[in-house]
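Here is the structure we will look at, set down as structure tokens.
The values are calculated or read from the model by the stated rules, or taken from the named source; none is laboratory data. Model, not experiment: these values are computed from the prediction. Positions of Cβ are backbone-derived with ideal geometry, glycine not excepted, and every protein chain shown enters the neighbour counts. Only protein heavy atoms, including side chains, enter the accessible area calculation; ligands, DNA and RNA are left aside. Shrake-Rupley method; radii C 1.70, N 1.55, O 1.52, S 1.80 Å.
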Amino acid sequence: MPVNLASAIPMDSASFGAPWHARIWGLAVHLHQQGAFTWPEWVKTFSTAVATISPEPGECVNDTYYRQWAAALEKLLACKGIMTSDILGARQVAWGQAHANTPHGMPVLLENGQASYVPPAMPRSTPRGRPIFVSPPTTK
């Protein structure tokens, strides 16, 4: 029986606590719609993730939920042969390198994780007017 995912969450209540929550949710829905797995397979795998993955100390409920969602998706894709643990590991390393290679305030892009990546020069501010000099304090 097909699942109407568009009506699974009413639009007025559909909100995500972080952009990655929406991305992992949308990725799972998209892969299901493309036939990568059936919804009953998803429910079974996600239920197992919820039962076995505990919240981390200080983690909010939404982060736990979507971390479980991501783990279930990884597991299901690995079981289906769509993604191997080697590919996942390599991608995690690349994103870690991309994050480390990205200057503060710039978007983190996967291509920044390549060994040949050279970060862009940060924009320099140009001085306006003359420099300000502060005279030393005087004692009385």
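At-a-glance table
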read-out	value
Set 54, 47: member being of a type in the set (Gly, Ala, Ser), part of a helix (DSSP H, G or I) and open to solvent by 40 Å² or more (accessible area, probe 1.4 Å)	47
Count of residues meeting criterion [more than 13 Å from residue 28 (Cα to Cα), in contact (Cβ under 8 Å) with a residue 12 or more places away in the chain and open to solvent by less than 70 Å² (accessible area, probe 1.4 Å)] in the stretch 57-79	2
Odd one out for residue 107 among (1) in a loop (DSSP other than H, G, I, E, B); (2) open to solvent by 100 Å² or more (accessible area, probe 1.4 Å); (3) modelled with pLDDT of 85 or more	(2)
Condition met for residue 17 (over 19 Å from residue 74 (Cβ atoms), at pLDDT below 95, in contact with a helix residue (DSSP H, G or I) (Cβ under 7 Å, 6 or more places away or on another chain) and not hydroxyl-bearing (Ser, Thr, Tyr))	yes
Number of positions in the stretch 27-37 that are in a loop (DSSP other than H, G, I, E, B) and either surrounded by fewer than 14 Cβ atoms within 10 Å (Cβ to Cβ) or touching a Phe, Trp or Tyr at 6+ places or on another chain (Cβ under 7 Å) (or both)	2
Residues (in a helix (DSSP H, G or I) and open to solvent by 100 Å² or more (accessible area, probe 1.4 Å)) located in the stretch 86-104	86, 91, 92, 95, 99
